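Presented below is the structure to which this report refers.
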Amino acid sequence: MINSIARGLIGALFIASASAGYSADKADLKADIIASVDRQASSLTALSDEIWSHAEIAFKETKSSAALIKHAKEHGFRVETGIGEIPTAFVAEFGSGKPIIGIMGEFDALPGLSQASVPSRTPLVEGAPGHGCGHNVFGAASLGAAIAVKEQIESGEISGTIRYYGTPAEEKFFGKLWMIRAGAFDDVDVMMDWHPSDKIEASAQSSQSLVDFLVEFDGQSAHAAGDPWNGRSASDALELYTHGINAYREHIQPTVRIHYHIMDAGKVVNVVPDYAKIWVRVRDRSRDGMTPVYERVKEMAEGAAILADVDYKVTLISGVHEILVNRTGGSTLQANLDTLGPITYTKKEERYAREIQEATGKPQVGMDAEVRPFRETEKNPPGGSTDVGDVSFVVPTISLAAPIAPKDVPWHSWAVVATGGMSIGHKGLVYASKALAMTMIDLYEDPDLIKAIKEEFKERKGDYEYEGILPPGPPPLDFQQ
């Protein structure tokens, strides 16, 4: 039986299809998509909650990946694992021939953000990881969309191939880079992507390019009081290096970001440290802007080593491109968001959201449930980087933002964990799954739309030849986190 909300959406689909010149057949397909996601809602939220409870960090997402693979196989997908030499990376596929439409699903958590589903800071396990970026919802919603499309291929309503990409290690090492290098995306026509957010938006905004690297200093230990003159302090070099970075901040473009994490600066106070290590990131709005800053910051490591009379080593971990936006695809997604309309929250959910906003010092306005209009692409994107950017330089990519957290709460924080494991996150999951799957129906049903998306992709990319920012060899699976 179709409930009143679903019936209203189906009616809206017919109206929207007529006004856009679409056939009634496409409206029927989208109505079936909505019904499919509604049928899946219980199992998808259970899958999301399972991944939320595992909360596994980059390259360690063994249980989370296994849960997604199991769910995909139960729904008839062919699954290939170990993509790009990453044990937790996989591709689940159904159908055959063109078009090949892909959809990405992330599932890694962040260190130190363990949190119960309550609106105040309450770790489940002190110091343990938590899903402060909502990737538990991300992976499950994308798989739900893929299943809804798979059902249409299986019934003969549409033809082609649907692929779900299980993409690990987005938060730290950017697992998609090794998947790209393995050729996993080479034959895809259009890629679908989304990210948990505090708003509903068809995204036509870029992101920041980033490079991620380690600097290590090696000196000579000595007794800090008895014969410090015999020591060459790696810690001195590290301090000089950070002073250099911080002085440099005055002389870089406002769009540049440099941040670091000191991993080792010595073990005890009475020994001149012979080893120090720092993890550094440089970002800018484009790879062209980021690269010269990266080169300069690497040179500073040599300068610090000379001043402290120690040796040094710079090791590239990986890096990402900015997102290559696709407004043609984004406008198609926008039409489906307009059809779906806003998300409705209960009074209890709104109260929960306001309590989190109060706890994090934000205005107590609750959830932002409205569909935002399709915005112009900003010249300077907001902060944040993702390996989705690299995929977008290989295959045209359509991106969605859907809410799983209250408006303006800090991301990568306990606040997102607290909502990602309860009904607010579940509603965002179902909404995103519907919007993504409906947009994929547009792609399968309209070859001219795919052609237009690809033409914009080629125009924006120009003559640039994609080259991933990663070292040779396998991914750093054993990296000390």
Cα gyration tensor shape of the chain, rounded if a/c is under 1.5, else prolate or oblate by comparing a/b with b/c: prolate
Prolate/oblate/rounded label for the range 395-467 (Cα gyration tensor, a/c 1.5): oblate
Accessible area of the chain belonging to carbon and sulfur atoms, whole % at 1.4 Å probe: 51
Links that overshoot a 23 Å alpha carbon limit, given the list Lys73/Lys451; Lys60/Lys176; Lys313/Lys461: Lys73/Lys451; Lys313/Lys461
Mean ellipticity per residue at 222 nm, deg cm²/dmol - from DSSP H runs of n ≥ 4 across the chain, formula -39500 (n - 2.57): -13500 deg cm²/dmol
Within straight-line cross-link reach of Lys298, aspartates and glutamates at Cα separation under 12 Å, skipping those fewer than 8 residues along the same chain: Asp212, Glu216
Packing-based order for 134-143, 183-192, using average beta carbon neighbours within 10 Å, highest first: 134-143, 183-192
Lysines with Cα under 16 Å of Lys362, excluding same-chain neighbours fewer than 8 positions away: Lys199, Lys407
Pairs from Lys150/Lys434; Lys379/Lys427; Lys70/Lys98; Lys98/Lys150 whose Cα-Cα separation, in the structure shown, is over 20 Å: Lys379/Lys427; Lys70/Lys98
Dipole magnitude of the chain, debye to nearest 20 (Cβ charges: Lys/Arg +1, Asp/Glu -1, about Cα centre): 1020
Tensor-based shape of the range 275-365 (alpha-carbon gyration tensor, a/c under 1.5 rounded, otherwise prolate or oblate): oblate
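The values are calculated or read from the model by the stated rules, or taken from the named source; none is laboratory data. This structure is a prediction, so every number in the text was calculated from the model and none was measured. When we count neighbours, we look across all protein chains shown, and the Cβ atoms used for this are built from the backbone with ideal geometry, even at glycine. Accessible surface is based on the protein model in full, side chains and every heavy atom, while ligands, DNA and RNA are left aside. Shrake-Rupley method; radii C 1.70, N 1.55, O 1.52, S 1.80 Å.
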